[in-house]
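*Asks:* Mind having a look at this structure? Questions to follow.
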Amino acid sequence: MSLTNHDLTRISKELKLPIVGVFSKDELFLEKPQVGTYHINMSDSHKAGTHWVVFKIFCDADRPENKAREKNKICEAIYFDSFGMDMPIEVKKFLKPFRPITWSNRHIQNVESEVCGWYTLLLDYALEHRRVGSSYLEDFERFINSWSDNTTENTKLLKERFKRIKT
């Protein structure tokens, strides 16, 4: 089941995720970067949406487990596309102050499925509520490595993982 911008906003709030907003890639230039999660539609705003990606601007110093030892508040960014594609130029420009930007080229979503929005939500949930490492980057790597190379199996895994969150 594909998600709309309204669905992404509603579910993010229900899951207590730090959503900044949901945007088409060509709308980013209107925004001022801030810490939090951005769900991005890969189509321009005047076209019907087709694929969701996500990026998160974060400062590891803000994590409760790091408050006492972090002295410098350096913000970074993570970009995620479940098809493993590089970010579009609009996202690169927006995130320029946060270089280097961590991203994965792992293709985990079946091209015949419409579950990209669910992957973006699950990543944000993992980074906010399933912390294991001492940094967002460690938890991002853990999330990426938790998927199979079989994209059909990953759709089943995605549904199972979301079912555990919602119950």
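The values are calculated or read from the model by the stated rules, or taken from the named source; none is laboratory data. None of the values given here were measured: they were computed from a predicted structure. Backbone-built Cβ (ideal geometry, glycine too); neighbour counts: all protein chains shown. Calculation scope for accessible area: heavy atoms of the full protein, side chains included, ligands and nucleic acids excluded. Shrake-Rupley method; radii C 1.70, N 1.55, O 1.52, S 1.80 Å.
*Asks:* Report His46's accessible area, 1.4 Å probe, all protein chains in place, as a number in Å² to the nearest 10.
*Replies:* 140 Å²
*Asks:* Let me ask something else. Take the cross-link list Lys96/Lys163; Lys96/Lys159; Lys32/Lys156; Lys13/Lys156; Lys92/Lys159; Lys56/Lys159 and give me the ones stretching past 28 Å between alpha-carbons.
*Replies:* Checking Cα-Cα distances, Lys96/Lys163; Lys96/Lys159; Lys32/Lys156; Lys92/Lys159 exceed 28 Å.
*Asks:* If you don't mind, there's one more thing I want to ask. Roughly how many nanometres apart are two label points built 7 Å out from the Cα toward the Cβ at Ser148 and Asp26?
*Replies:* 3.9 nm
*Asks:* Report the antiparallel proportion of the DSSP beta bridges in the chain as a percent, rounded to a multiple of 5. Kindly include the intermediate steps, with their values, before the conclusion.
*Replies:* Details: 12 of 20 bridges.
Here the antiparallel bridges make up roughly 60 percent for the chain.
*Asks:* Separate question: Using modelled amide H (1.01 Å from N, peptide plane; none on Pro or chain starts), what sits under 5 Å from the amide H of Ile19, excluding residues fewer than 5 places away?
*Replies:* Residues meeting the criterion, in which the H sits 1.01 Å from N, are Thr37.
*Asks:* While we're here: Near Lys47, which aspartates and glutamates are there with a Cα under 13 Å away, not counting those fewer than 8 places off in the same chain?
*Replies:* Result set, ordered by chain and number: Asp26, Glu27.
*Asks:* Follow-up question, since we're still on this one. What residues qualify as long-range amide H neighbours of Ser24, i.e. H under 5 Å apart, gap of 5 or more or another chain, H built at 1.01 Å from N?
*Replies:* Hits under the 5 Å cutoff: Asn41.
*Asks:* While we're on this one: Based on the Cα coordinates of the stretch 102-145, what is the per residue volume of their convex hull in Å³?
*Replies:* 67 Å³
*Asks:* If I ignore ligands, DNA and RNA and count only protein heavy atoms, how much of Ser45 is accessible to a 1.4 Å probe, in Å² to the nearest 10?
*Replies:* Looks like 60 Å² after rounding.
*Asks:* Further, regarding this structure: Pick out which of Ala126, Ala48, Ala77 has the largest mean-square fluctuation in a Gaussian network model of the chain, springs linking Cα atoms closer than 10 Å.
*Replies:* Highest fluctuation among the options: Ala48.
*Asks:* Treating only the Cβ of Lys, Arg, Asp and Glu as charged (+1, +1, -1, -1), what charge dipole size does the chain show about its Cα centre? Round to the nearest 20 debye.
*Replies:* 540 debye
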